[in-house]
Structures are given as C-alpha cells and as structure tokens.
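Here's the structure we're looking at; comments come further down.
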Amino acid sequence: MTVEAPTGRFPATRAGCAVSDKAFEIRVADNGIGMTPQQVRDFFLVVGAERRNDRNRGDMSPRLRRKVVGRRGVGKLAPFGICKAIEVISAGGAPVSENGAASGPAGYLASHITLHCDGIVELGDEPDERCRPTLGDRDDSHSPASGTRIILKDFNCRKVPRIDVLGRRLAQRLGIRSDDWNVRIRDNTRCGPPLETVGEFHIDAMPDTRLAFLPGGSVLGPDGSLEDGPASGFEHDGRFHPRRWLDGLLEGSVQGSTHGRCRNLLP
C-alpha cells in the first residue's frame, strides 16, 4: 500500500468562516483484489453492512486469507472529517476482455466514483433518500491490474503531520511488515522523492520498566523473573483492572471516534 500526502502542510487555509482549499490531494493505493462496479454498489456503498455474517464474503480475505478488520462499516466515511470529496477508483473480479469474455483478458472491470460530503449531510428526512455518487470517466472501463485507489480532495483546515510523524502513526495501525505486505509513504509536494517504507511501531520506554504479559496470567519482569498472577492487568485506586479491560478501553476509544447518523449510499 502507498500513501502520498502533502506532509507537514495545511492543505487548506481559513480566514474567518471561509475555508480556501489549496488543491492538494491525499492518495492511498493498494494492489489488492479491488472491487467491480457491482461490488461497489452492493457492498462499498452500503453503510453498516455485517460482512462477517455474509456467507458469500465471510471474515477472511479471499486471496491471502487474512482476517478482515473493521466492525460497523462506517470507516469509509471517516475521511469526511478532513475533506469534502472522496474519489474511489477500484478494479477487481475475474480478468475479462473488452467484450466480456473470459479469454483474451484486457484487464479487470473498474469502478470510478466520487462521494461528496455536502450531498450526504444535506439529505432530507425521507427514509428512502440516497446519496448518489458522481461517476468518473474510468467507470465501467478496464484496468490492467486489480487494486483500489482512494483520493481525498477539497480539504478542511487541518494540518497533515510531518512525514516522520505520519509514518509512526501508520506503523501504529498497520506497521507489521511481511513478505507480501508493507506500507510506503511519500510527500507528494516535492519533486521525485522516493517512497519510504514504514517501519514497525516502536514505543520508547525507560530502562527496566517493561513487563511481558504471558498467556495464563504469568508476568515476565524486566529482570527476566517470571511471576504467577491471577490475571494480567494493574491496580488503580484500589481496584484491579485485568488486561481484558484494557483491550476493551482501547477498542472503545477507536469505535467511539465514529458517531452520528449514517445512511446507505446507493447509486
């Protein structure tokens, strides 16, 4: 996956209540299985679909059998917190030729849409209203490779982190590298800088302060000693908080950042 962004900059300025966009873009691309136009309509544009209970998709990726992330199906709308337009170009499915035959492939069938924040928030109260995305010129065309590209445009006045800070944040969420997975980033406001591979997430700690919580409740101390405990966790204000409480807190803080009323975004 590659991430290109105007790092260390404000992609828009504010003067009073007026926000002026600087025409920067944030681009995120992968070379995965992508989506066909039909899959975009049936799955991507449906908010809150329960994928794991869908026997046609399940909770594993079809190619590399990885566990699917996400829970409530609203993460696709998260970029609207920083921008007003989300362009999606995706190609997937089985390779097909220009006339639709499976032999002599010309590529993968592509979908090209743009979602506009204003078109979603200005909908009325009718339950059957839908936000219709804008179709791009590559919609229903063929792509030589599968994958998905997301382009964010028309920004609010929010600063993009420096490239080192952005790399650390990406590593925190996605930085477990493997032979078939890595994340590379680039400042797209500079001419020709190479893509930098994001390293694994590292947490600085004071010497002799690390504790390793092992399966079964054992704790490995900083001096290498192994102690048995009733459960992994810590004491605070006279109360013991087990490790499962910590996991729930972290999970809840991520889920709690997304809220509000959602609608289906069907064409």
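Of note:
- Ser97 versus Ala205: modelled label distance in nm, points set 7 Å from Cα along the beta carbon direction: 6.0
- Amide hydrogen neighbours beyond the local backbone of Ser141, cut-off 5 Å, H modeled: Ala110
- Diffusion constant of region 134-189 at 25 °C, which comes from Stokes-Einstein with the Kirkwood Cα-pair radius and 0.890 mPa s, µm²/s: 167
- One compactness figure for region 46-92 is 1.35, namely its Cα radius of gyration divided by 2.2 N^0.38 Å.
- Region 23-103: Rg to Rh, with Rh as the Kirkwood radius over Cα pairs: 0.99
- Label-to-label distance, nm, for residues given as Leu135 and Arg52 (7 Å Cα→Cβ offset): 3.6
- Here the Karplus curve 6.51 cos²θ - 1.76 cosθ + 1.60, taken at θ = phi - 60°, turns the phi angles of region 7-24 into couplings of 5, x, 10, 8, x, 8, 10, 10, 10, x, 9, 8, 10, 10, 6, 9, 6, 6 Hz, with x standing for Gly and Pro.
- Reach of Lys84 by Cα under 21 Å, taken over lysines that are not fewer than 8 positions away in the same chain: Lys22, Lys76, Lys153, Lys159
- Taking a point 7 Å from the Cα of Asp118 along the Cα-to-Cβ direction, the residues of region 57-84 with backbone N closer than 18 Å to it are 80-84.
Since every read-out is calculated from the coordinates, none of them should be taken as a lab result. What you are looking at is a predicted structure, and each value in this text was computed from that prediction instead of being measured. Methodologically, a virtual Cβ is constructed for each residue, glycine included, from the backbone with ideal geometry; neighbour enumeration extends over all protein chains shown.
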